[in-house]
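Just below is one structure, and these are the notes that go with it.
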Amino acid sequence: MRNDNTMLHMKLNAAVSVFSIAAAFSVFLPSPAYSGICFLPDCMDDDVMFGDINMDINEDTEYCEKEGYTYYSSGECPQYYAKVGQCNRDDHYLKCDAKTWCEQNGYNTTSCSIPQYVDQPCPSYGSLYKQCKTDNDRACKELGYTKTCPSGQKLYQNSGRCSYDSSYGTCCTPSGCPSYTSTSYSSYGTNGTDGCEYACYYTCDMDCPSSYPYSSDPTGCSSSSKNGCGNKTCYNSVSCCNSSSSDWCSVHDTCHGDCCSDGTIQSCDSRCGGSGCSSSGSDDNSNNNSGSGTCGRLIAYWYYSGSCSSRVDSVTGITYYELNTMYTRYCTTDSSYNYTSQPNEGKSGWPSLDRCLANIGATAYGPWDLGECGC
């Protein structure tokens, strides 16, 4: 509100100025007939000299203030206030409104929907804002989500996450992973979760090695090994090659799927429906044995015998799978044969177990015709 003393001072100044001008003009009046001297308040006439000079200094003030106007000495509203009215009796009396200024300058927002919040309040009217602004951090916190958990707890991996920022979630206590697993990633596969939805990865290879692919012995005489975790026995598939096996071939002292069809056994073999070799036929390694049987030919060859065994090369570090190399010769006639097998003369190796197994009983070198026998 304006101070009445201020308004009084301004209006007195105006009145003094008027009478000062009048006094000045009286100096130049042409004769005493047109001059005169008057003293206040005798000269306070409404129509003196410059028209209606209202010397009731309270009348305009009371009127403007009664109408709700406020006096501003600058004749302008303060910063961030809009002029919404002006008193018609004194243009220093104004009506100024902060809300109107805010609305006129784009501050029209009063509320927002989560995850947005009101932003940039109007300087003169705090309940009006410039805009809505997204604040995902604030939204997640207000909804009860967190980024940190107490000792021994962690955030759920998938469920319980804030939809506005998935780095916020709900804490849980993990129940632990099964044996041979952890939450550290590995290429060995997974086994369940830790109770907080984090995958439990195997820390070792639970599968059997490729060279021992079976979890139980398929033949009853296969060799065994352990899986990568050491908790499972694994087997290969090796035929049981001994004299009690159904595919035992006594001619070669080894096993064949069909002893008589391997190309080296003749019709005198009793396994092939023959009557067997004559007891008087060839009986040793000589090329000129005597006997009552019909002369035959002495045939010799090398073959792979025994079962595969592994060996690591000391220079290259490469693993080989080996078979014994056996020397055999026999006398074949129209009615009989005899053979001898020499002791192990050496070993042959292959880079894989499968190739080694496939060569058991196969001919390595030969056969050679060494001449007559059994004569």
### Task
Assess whether Cys149 counts as being assigned to a loop (DSSP other than H, G, I, E, B) and touching a Leu at 6+ places or on another chain (Cβ under 9 Å).
yes
### Message
For region 307-335, give me each residue that is over 53 Å from the mean Cα position of the chain (by Cα) and modelled with pLDDT of 60 or more.
### Response
Asn324, Thr325, Met326, Tyr327, Thr328, Arg329, Tyr330, Cys331, Thr332, Thr333
### Message
If I ask for residues that are in a strand (DSSP E or B) and farther than 30 Å from Asp205 by Cα, which ones from region 152-183 would you list?
### Response
Gly169, Cys171
### Query
Mind checking which residues of region 336-375 are in a strand (DSSP E or B) and at pLDDT 80 or above?
Gly346, Lys347, Ser348, Gly349, Trp350, Thr363, Ala364, Tyr365, Gly366, Pro367, Trp368
### Query
Of everything in region 65-116 that's among the aliphatic types (A, V, I, L, M) and touching a strand residue (DSSP E or B) at 6+ places or on another chain (Cβ under 8 Å), which residue is farthest from Gln131 (Cα to Cα)?
Leu94
### Task
Residues being buried (at least 16 other Cβ atoms within 10 Å of the Cβ) and either in a strand (DSSP E or B) or more than 43 Å from the chain's Cα centre (by Cα) (or both): count how many of those fall in region 108-131.
10
### Message
Against the definition (touching a Lys or Arg at 6+ places or on another chain (Cβ under 9 Å), modelled with pLDDT under 90 and either aromatic (Phe, Trp, Tyr) or closer than 19 Å to Ser222 by Cα (or both)), how does Tyr303 come out, yes or no?
### Response
no
### Summary
Result of the Cβ filter at 8 Å on region 230-253, keeping first residues that are on the phi > 0 side of the Ramachandran plot and partners that are modelled with pLDDT of 85 or more and crowded, with 16+ Cβ neighbours inside 10 Å, at least 6 apart or interchain, is Asp253/Ser305; Asp253/Met326
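The values are calculated or read from the model by the stated rules, or taken from the named source; none is laboratory data. Just so we're clear, the structure is a prediction, and the values are computed from it rather than from any experiment. Methodologically, a virtual Cβ is constructed for each residue, glycine included, from the backbone with ideal geometry; neighbour enumeration extends over all protein chains shown.
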